[in-house]
Amino acid sequence: MLNYRQLHYFWVVAKTGSIVRACEQLNLTPQTISGQISLLEQTYGIELFRRVGRQLELTEAGRQTLPYAEQMFQLGGELELMLRAQPNEQQILFRVGVADVVPKSIVYRLIAPTMELTEPLRITCREDKLERLLADLA
């Protein structure tokens with residue numbers, strides 16, 4: 001059976017273009033990500049990436065796998081939104097992007113008032129480089 005966590009790591013590495021950037025996004029170590037991708041490759045006897053200098057390049061199998069992964073995780077995101085929007089338990093989704101240079105104590109003070117709201121609230125806080133946060137926002 002397909003291991004969706006391994007596929008997710010493949011997908012993030014393919015989207016970000018490197019294991020280092022995927023590590024930053026997933027808050028995992030390079031060993032974890034590369035190990036899980038290696039297990040995925042071993043399971044199916046394929047190679048998804050090839051090293052070209054210091055860069056990773058998708059192989060033909062990787063290029064064929066990527067659209068499936070894209071569609072699966074897009075549908076998964078839609079499913080999650082639909083499940084969260086069910087009538088009796090509807091939550092407000094509050095997404096916060098924080099530049100990695102901003103101290104966490106300041107971020108906490110800024111979002112602390114939202115934690116006292118009476119409505120159900122789901123806070124998602126993402127820390128990254130300002131350029132990447134702005135690119136995601138665009």
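The values are calculated or read from the model by the stated rules, or taken from the named source; none is laboratory data. These numbers come from a predicted model, not from an experiment. Note: ideal-geometry Cβ built from the backbone for every residue, glycine included; neighbour counts use all protein chains shown.
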Handout entry: Number of the exception - Ala61 against (1) hydrophobic (A, V, I, L, M, F, W, C); (2) touching a residue at least 12 places away in the same chain (Cβ under 8 Å); (3) not assigned by TED's automatic domain parsing to the domain that holds Gln25
Key = (3)
Problem - Leu81 in the same structural domain as His8 (by TED's automatic domain parsing) and either free of Cβ contacts under 8 Å to residues at least 60 places away in the same chain or polar (S, T, N, Q) (or both) - result: no
Practice task
Mind listing whichever residues of region 20-51 are closer than 18 Å to Glu127 by Cα and in contact with a Phe, Trp or Tyr (Cβ under 9 Å, 6 or more places away or on another chain)?
Solution key: Ala22, Leu26, Leu28
Practice task
Taking Asp100 as meeting all but one of (1) in contact (Cβ under 8 Å) with a residue 24 or more places away in the chain; (2) outside the structural domain of Lys129 (by TED's automatic domain parsing), write down the number of the exception.
Solution key: (2)
Fill in the blank from the handout: Per the list (1) within 19 Å of the chain's Cα centre (by Cα); (2) at pLDDT below 95; (3) closer than 30 Å to Asn3 by Cα, residue check on Arg54 breaks on (1)
Exercise for the section: Assess whether Glu131 counts as being loosely packed, with under 13 Cβ neighbours inside 10 Å, under 17 Å from Tyr4 (Cα atoms) and within 21 Å of the chain's Cα centre (by Cα). Expected result: no
Exercise for the section: Determine, yes or no, whether Arg95 is in contact with a Leu (Cβ under 8 Å, 6 or more places away or on another chain) and outside the structural domain of Ile33 (by TED's automatic domain parsing). Expected result: no
